[in-house]
Amino acid sequence: MKFAIVVLNYNDYKTTIEYVNKIKEYNIINKIIIVDNHSTNKDEISYLKKVESDKVEVICSEKNGGYAYGNNLGLKYLEKIDNYEYVAISNPDVYVEEQTIETCLDYLKLHKKVAIVAPRMNFVNGPARRAAWKKRTPIIDIANSTRITELLLYPFFRKGEYSKKEYENEYLKVDCIAGSFFIAKYDSLKKINYFDEKTFLFYEEDIIGNKIKDIGLEIHILNKLKFIHYDSQTIGKLMNMFKKQDIIFDSRIYYQKKYNYANIVELFIINTLRYVRKFELIFEVPIRRLINKFK
């Protein structure tokens, strides 16, 4: 068995180096590929290169093409250097134990129909509510687009989520899984032609979920295991909230149009809600900052 991890870095070498220094000691890991996604910090690469070894390699993207593009770069590089049976896609701002990884790999070996598996995502203060989610139909995405639609269309909003009771099961078959850490059979990712690079950020997990289902395979969460994701710190540090909304809505529209065959009316409503969400943020962002100030 050969197992590798792809870690995507963008202007966050300290977090990436700290993470790689921990996991490079794991015997279960054969190779770690750090993909620098065209960082703008001038010394980023030189710092990352310091952790290189026989086990750790740093490769550099010629552009920042986003999450899917950067991870595909790492996945395709692995194909050139050796035959890896399993690969993990990992943010640098996570913590996962070696035994947890080993259990996930054993699970993939035993279950032929499972292409992707992950421990349940936790934040520092406990389990994440959305470690996984159901297929986002147009109406679910409309409900999920703004605070107002969340309230007005709450039953549809909740239909997109798995219940607490479902998360109590030892494992849970899901439509989509959080992209901060998961382990896949390399051949399965190859069969679906890896990630769809038409999205810059967000909805990559939904697209992967669709593509995995289309080839008759499954995605599972192992609820008795966990990994810690430090609350999307990388995205939070590097992205303006208004810019983030544009990226979310661009990916949402692309996903709904290509993979859910949403009609013109549904796409028009989603795009209109982009501006409603930005208007909400005019009030929401200052309130968030005020709350954080007094924490």
- Task: Output the residues belonging to segment 188-205 that are out of contact with any Ser or Thr (no Cβ under 9 Å at 6 or more places or on another chain) and touching a residue at least 40 places away in the same chain (Cβ under 8 Å).
- Result: Ser188, Leu189, Lys190, Tyr194, Phe195, Asp196, Glu197
- Query: Could we say that Tyr259 is aromatic (Phe, Trp, Tyr) and under 26 Å from Lys63 (Cβ atoms) here?
  - Reply: yes
- Go through segment 192-294 and tell me which helices (runs of 4 or more DSSP H), entirely inside it, have 1 or more residues that are in contact with a Lys or Arg (Cβ under 8 Å, 6 or more places away or on another chain), over 22 Å from Pro92 (Cα atoms) and modelled with pLDDT under 95. 241-258, 264-293
- Item | Looking only at segment 156-176, and only at residues there that are in contact with an Asp or Glu (Cβ under 6 Å, 6 or more places away or on another chain) and at pLDDT 95 or above, the one that is farthest from Phe195 (Cα to Cα) | Leu172
- Would you please name the residue that is nearest to Thr199 (Cα to Cα), looking only at residues in segment 18-68 that are touching a His at 6+ places or on another chain (Cβ under 9 Å) and of a type outside the set (S, T, N, Q)? Gly65
- Query: Do any residues in segment 99-126 that are closer than 23 Å to Asp175 by Cβ have Cβ atoms under 8 Å from those of residues that are modelled with pLDDT under 95 and part of a helix (DSSP H, G or I), where the two are at least six apart or on different chains, and which pairs are they?
  - Reply: Arg120/Tyr167
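Among the residues of segment 99-130, which ones are of a type in the set (Gly, Ala, Ser) and over 17 Å from Cys176 (Cβ atoms)?
At the first step, the residues of segment 99-130 found to be of a type in the set (Gly, Ala, Ser) are 115, 118, 126, 128.
Passing the criteria: only Gly126.
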- Note on the structure: Note: among Tyr107, Tyr171, Tyr186, just one is farther than 30 Å from Arg274 by Cα, of a type in the set (Ser, Thr, Tyr) and open to solvent by 80 Å² or more (accessible area, probe 1.4 Å), namely Tyr171
- Just wondering, is there one or more residues in segment 52-71 that are out of contact with any Ser or Thr (no Cβ under 9 Å at 6 or more places or on another chain), surrounded by fewer than 22 Cβ atoms within 10 Å (Cβ to Cβ), touching a residue at least 60 places away in the same chain (Cβ under 8 Å) and closer than 25 Å to Phe200 by Cα? yes
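The values are calculated or read from the model by the stated rules, or taken from the named source; none is laboratory data. Remember, it's a predicted structure, so these values are computed and weren't measured experimentally. Cβ: placed from backbone, ideal geometry, glycine included. Neighbour counts: every protein chain shown. The protein model used for the area step is the full one, side chains on, heavy atoms only, and it has no ligands, DNA or RNA in it. Shrake-Rupley method; radii C 1.70, N 1.55, O 1.52, S 1.80 Å.
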